[in-house]
Every structure is written in C-alpha cells, then in structure tokens.
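In what follows, a single structure is set out as structure tokens and then discussed.
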Amino acid sequence: MPDTFDASSDIEVIKQRKKEGIDIPLQKNVQAKTTSTYLEYVRLVHNALPELDYDDIDTSMTFLGKRFSAPIIIDSMTGGTDEATIINGRLGELAEKYGFGMGLGSQRAGLKSEELAATYSIARKNAPNAFLIANIGGAQLSKGFTVDEAKKIVKMIGANALVVHLNPLQELVQPEGEPRYKGVLAQISELAKTIDVPLIVKEVGAGISKEVAIKLEMANVSAINIAGAGGTTWAGVEKLRAESLKDDLKKHLGEMFWDWGIPTAASLIEVRRAVKLPLIASGGLRNGLEVAKCIALGASMAAMAYPFLQTAARSRESLFAFADTILAELKSTMFLVGAKNIAALASSRYILTGMLAHEVSSRT
Ligand SMILES: Cc1cc2nc3c(=O)[nH]c(=O)nc-3n(C[C@H](O)[C@H](O)[C@H](O)COP(=O)(O)O)c2cc1C
C-alpha cells in the first residue's frame, strides 16, 4: 500500500497494516463507482487492410534504456507482510518470464528489519533480469526521508528505477494520515539530482495534471506515471478502514472523495500535451485493448495494479493466464489497427468521443 502505515516502529503493527492494504482491495470493492478511466471514449480506427500477419506482430520496445517484451508494468503494490512475500514472489516470476516491468510497494517498512526487507527482495530473487522499481512516498520526503535511505531501498531490490508516489487524497482520508505536502517538490528535485537510477513520480489513482507534470519536468524527473482515476481508489480503501476504526469524519471524507481525481485518459492526454517526458499510463486499466489505447494516446508504457494483485493472490497459473490474455488482447488490437510494432501503434489514429472529447476540448 502507499506509504502511510510505516511510521510505527513495531514490526507486528507494520505487518498487520500492510496486510490490510492487500486484504481490503482483494475482499471489498474499492474500485471507482461514479467515474471511469474515460478510456471507453477513445476509439482506435479500424483498419480493414492491415497488410500484416498476426504472428509477425512485435510488442517489444525500449523504456528508460531497458528492453521490454511488451509495454507493460506490474504497478507498485506490496511488501512488508507474509502475504506480500508470496505475491511479490509470483509477480517477480511473471516479470522475469514475460519481460514486464514491476514496481514494489512502499519500502520504508523494509528499512526496519531484514525480515521485512526480504518481503520485497523476493521479487529480485525471482526476477534477476527484470526492470524493478523501488518505491517511497512523497509525504515521507517532507518528513526527513534521506537520500541515503532512498539509496538503501534501491539497493534492497537491485532496482532499475525509483518511484516517488504522490498520495495527498489518501493522506487526507486515512485515519492515521499526515496530509503534509509542503516542500515535497524541492525534495523530489534533490532526489533526482542525487540518486543514481532514473526517478519516476507517480500518483496512486487520482491522476496528474499538466501543471504538476510541468513542475516535475522542471525538477528533472525521468518519467511520470499518471495513475489516474477510474480504477482502485485509496479514498475508498481508507474509508473502509475509517469505518472499522469508527472515525466518522474520515469515513465521511472517504465517501465524498471516493471518485475524486482526473480520469486516466484525460490526465494522459493533458500531460502528453504539456511535457516531453516519457509517460506511464495507469489507473483502472484492465485489459490489452486499454493498454493499446494508452500507447496511441502517447504513453510509453502502461501499468496495472489491481488485476495483477487479484490474479497473483489466486494462483501462479491464474496470474500467468491473465498475462497471456492481456498480451493476446494487445496483439489483437495491433492487428486490427495494422500496427506491426509499438512505434506503429503509437502513431495509429484515434477518435475521442463523449465525455472525454468534451473534457479535452474544455480544458484550457
Ligand atoms: C494492494 C495495492 C497496494 C498499493 N500500494 C502502493 C504502494 O505502496 N505504492 C504506490 O506507489 N502505489 C501503490 N498502489 C497504487 C497502484 O500502484 C496504482 O497506482 C493504483 O492502484 C491504480 O491502479 P489500478 O486501478 O490498476 O489498481 C497500490 C495499489 C494496490 C491495489
């Protein structure tokens, strides 16, 4: 879960809270209710004459200097508890076998003990060659998280990149949250200068606006993961926690802001127009057709969290079957638009309809 529960020094408390961060999304419905990704308003133009064979389609591509077999990242999720060891182990196997990237969950907990560090590093053990992404919360940066600690979490998993996640909505709704974001941009800028792997900044499901993207580009980050609204909502997760902790105000805020945020497609389009940085699209992506739409809209990579969690928690077989399905969906879409490779998919024509067309044209 995003970095919120690591403040306790009691390892058992950390493990329990990290467990809740997996159990709630798995057992309750914490997906968007009244909003969506708006990807349903993106129509790729059908090509009745693709002039290529399905078997010749190549989904491989390069991102931040590393070759991937498909533009897919298992988004940052977990660590810090026994269940996480199983899930990160399976996700690591998948990343290695399928040539996907993989993000780990917020790793501050892993600095507290060897035992907790192992719940993250299992991913590297199972994925010696995959592109792994270390994770820390933006809110932690303003609370004195040091560059040395950042280097340690990178080392913990032999990471190829470091992500800083921005989660102001979650901090606001969470019963133990600390909604303090003063000085975070300066810390990101400092980290970008000093850390020796690429620095990526992501949201956790409320999206990145063009104004924020421009600030991040000026802070010299290497890429942005827009993580828009329409999928897992952390206001939702924290609302359920607030309910069980009988915190009525936080429960109310969680209900009110359940669907808050910039829908994924709208965020992606406005950020693409505003900055040159490579972008990762995520937030509510659930299939390979949506991955293809995001590439056409200008993302370099697409990431998914909840679907990988759900299938990994079920079984290794179910996780691998899901990966096969999204790859088949991606390749099928490429066939139907006549794109032999990812570069061709990126320049394929699309039409924006409905709410998305309206939102994009009404944005200044
Ligand atoms: C169980 C779970 C744990 C998560 N933990 C983290 C985290 O530690 N750090 C982070 O940056 N994002 C975290 N996220 C957010 C995801 O990376 C992603 O941005 C968000 O869930 C939206 O994607 P989705 O709709 O595909 O789930 C977590 C998501 C889930 C489902």
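The values are calculated or read from the model by the stated rules, or taken from the named source; none is laboratory data. Since the structure is predicted, the reported quantities are computational estimates derived from the model, not experimental observations. A quick note on method: Cβ atoms are made from the backbone with ideal geometry, for glycine too, and the neighbour counts reach across all protein chains shown.
Structural remarks
- Scope the stretch 270-293; condition buried (at least 24 other Cβ atoms within 10 Å of the Cβ) and of a type in the set (A, V, I, L, M, F, W, C); matching residues: Val271, Leu279, Ile280, Ala281, Leu285, Val291, Ala292
- Filter result (under 13 Å from the mean Cα position of the chain (by Cα) and closer than 22 Å to Glu217 by Cβ) within the stretch 270-293: Leu279, Ile280, Ala281, Ser282, Gly283
- Selection within the stretch 290-304 - out of contact with any strand residue (DSSP E or B) (no Cβ under 6 Å at 6 or more places or on another chain) and in contact (Cβ under 8 Å) with a residue 60 or more places away in the chain: Glu290, Ala292, Ile295, Leu297, Met304
- Taken together, Arg90, Arg67 contain a single residue that is of a type in the set (Lys, Arg), within 25 Å of Asn287 (Cα to Cα), away from the ligand (no atom under 13 Å from the Cβ) and touching a helix residue (DSSP H, G or I) at 6+ places or on another chain (Cβ under 7 Å), which is Arg90.
- Residue count for the stretch 134-155 satisfying the condition of being assigned to a helix (DSSP H, G or I) and either in contact with a helix residue (DSSP H, G or I) (Cβ under 7 Å, 6 or more places away or on another chain) or touching a residue at least 60 places away in the same chain (Cβ under 8 Å) (or both): 9.
- Single residue of Ala303, Ala313, Ala296 found to be over 17 Å from the mean Cα position of the chain (by Cα) and either buried (at least 24 other Cβ atoms within 10 Å of the Cβ) or within 12 Å of the ligand (Cβ to nearest atom) (or both): Ala313
- Residue among Lys246, Lys215 that is within 21 Å of the chain's Cα centre (by Cα) and more than 23 Å from Val291 (Cα to Cα): Lys215
- Checked across the stretch 266-288, the condition of being in contact with a Lys or Arg (Cβ under 6 Å, 6 or more places away or on another chain) and outside any helix (DSSP H, G or I) holds for no residue.
- When Thr325 is tested against (1) in contact (Cβ under 8 Å) with a residue 12 or more places away in the chain; (2) among the polar types (S, T, N, Q); (3) away from the ligand (no atom under 16 Å from the Cβ), exactly one condition is not met: (3).
- The set of residues from the stretch 305-322 being closer than 30 Å to Thr353 by Cα and either free of Cβ contacts under 8 Å to residues at least 60 places away in the same chain or not in a loop (DSSP other than H, G, I, E, B) (or both) comprises Tyr306, Pro307, Phe308, Phe322.
- Scanning the stretch 241-265 for residues that are more than 15 Å from the ligand (Cβ to nearest atom), assigned to a helix (DSSP H, G or I) and of a type outside the set (D, E, K, R) gives Ala242, Ser244, Leu249, His252, Leu253, Gly254, Met256.
- Residues (more than 16 Å from the ligand (Cβ to nearest atom), in a loop (DSSP other than H, G, I, E, B) and small (Gly, Ala, Ser)) located in the stretch 156-193: Gly158, Gly183
- Any chance Phe100 is within 15 Å of the ligand (Cβ to nearest atom), farther than 17 Å from Gly21 by Cα and either within 15 Å of the chain's Cα centre (by Cα) or at pLDDT 95 or above (or both): yes
- Residue in the stretch 194-212 that is part of a helix (DSSP H, G or I), within 16 Å of the ligand (Cβ to nearest atom) and crowded, with 19+ Cβ neighbours inside 10 Å present: yes
- Only listed residue being among the polar types (S, T, N, Q), over 22 Å from Leu64 (Cα atoms) and away from the ligand (no atom under 12 Å from the Cβ), chosen from Thr233, Thr146: Thr146
- From Leu91, Leu64, residue being among the hydrophobic types (A, V, I, L, M, F, W, C) and on the phi > 0 side of the Ramachandran plot: Leu64
- Residue among Thr62, Thr81, Thr34 that alone is modelled with pLDDT under 95 and among the β-branched types (Val, Ile, Thr): Thr81
- Given (1) β-branched (Val, Ile, Thr); (2) out of contact with any Ser or Thr (no Cβ under 8 Å at 6 or more places or on another chain); (3) in a loop (DSSP other than H, G, I, E, B), number of the condition Val13 does not satisfy: (3)
- Subset of the stretch 103-127 [surrounded by 19 or more Cβ atoms within 10 Å (Cβ to Cβ), of a type in the set (D, E, K, R) and at pLDDT below 95]: Arg108
- Residue check for Ala130: in contact with a strand residue (DSSP E or B) (Cβ under 9 Å, 6 or more places away or on another chain), among the small types (Gly, Ala, Ser) and within 15 Å of the ligand (Cβ to nearest atom): no
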